[in-house]
Amino acid sequence: MSIISPSTNPGRLRSFIHCLAVLLDDKPTEDRILCEGGVLLRQLIAVDDWLPDACAQARPERYQQYLLHADSSERFSVVSFVWGPGQTTPIHDHTVWGLIGMLRGAEYSQAYRAADDGSLRPEGDAVKLVPGTVEAVSPTIGDIHRVRNAFADSVSVSIHVYGANIGAVRRSVYAEDGSSKPFISGYSNAHLPNIRDRSIELENL
Ligand SMILES: [Fe+2]
C-alpha cells in the first residue's frame, strides 16, 4: 500500500510534462496541441493527488500563480492558479496558446471581443469550469477573457499550460473601453516543486 500523502505524488505531473514535451517535439499544429494537449491535461487533473500544498496556497491580496514547471527551451510552462474567495483577474490576453484545467472548486471565464468602436464586449455567457473541465485560449481561437473564482467563500485551483514561459511574456490588460496596459505577470513562487525526487515512490514499489 502506498504511503504517499495526497499532495506529494509528483509522478502524475512528471508524466504530463514528459508527454507534452514529446508531443511538442513533433512540431504539431496549434489545433493538435490544443486537442492532444487537452487530453493530457484532462488526464492530469482527473486525480487530485499531486499538487504540492505550497503551490495551492491562496493569499488575501490577490490570486496566486505558482510556476510548477518551465520547459528548458521555454516551449511551454505549467502553472497552478489559486483563487481566493471572490478573487478575479482583470480582462487580459495571453498572446500564446493556453489550456486551463479545473482541479478544485470552480471558476468562470468570460470571453471578450472588440466591437467596431474599439471597446470590449462580453462574447456569450461566462463559461463555468468545474473539476475535470479543460478550456483553451489562443490568439487564433479567442485570447481575451476575464476569470473569477465561482465561489465567494472558498478557494479554487486551476492548472494552466501555456505555449511559452508565460510569466515572462509581454501581455496586456484591458479596460472595457478597449484601452490597454502592458504587463508581465511573473510568478508567485521563488522555488519550484521538486518533481525529480523519486525516492518515496521507489520505496513504495
Ligand atoms: Fe487567462
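A compact table of results
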read-out: Number of positions in segment 63-103 that are assigned to a loop (DSSP other than H, G, I, E, B) and either more than 14 Å from the ligand (Cβ to nearest atom) or at pLDDT below 95 (or both); value: 9
read-out: Odd one out for P6, checked against (1) exposed (fewer than 14 other Cβ atoms within 10 Å of the Cβ); (2) over 16 Å from the mean Cα position of the chain (by Cα); (3) modelled with pLDDT of 95 or more; (4) not polar (S, T, N, Q); value: (3)
read-out: Candidate set: segment 154-205, residues that are surrounded by 12 or more Cβ atoms within 10 Å (Cβ to Cβ) and among the acidic types (D, E); chosen: the one modelled with the highest pLDDT; value: E176
read-out: Test for S109: is it surrounded by fewer than 21 Cβ atoms within 10 Å (Cβ to Cβ), part of a strand (DSSP E or B) and either of a type in the set (S, T, N, Q) or within 12 Å of the ligand (Cβ to nearest atom) (or both); value: yes
read-out: Residue tally, condition more than 13 Å from the ligand (Cβ to nearest atom) and out of contact with any Phe, Trp or Tyr (no Cβ under 9 Å at 6 or more places or on another chain), over segment 126-152; value: 6
read-out: Residue list for segment 152-182, restricted to those being in a strand (DSSP E or B) and hydrophobic (A, V, I, L, M, F, W, C); value: V157, I159, V161, V173
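The values are calculated or read from the model by the stated rules, or taken from the named source; none is laboratory data. Quantities reported herein were computed from a predicted structural model and do not represent experimental measurements. FYI the Cβ positions are ideal-geometry reconstructions off the backbone, even for glycines, and counts take in every protein chain you see.
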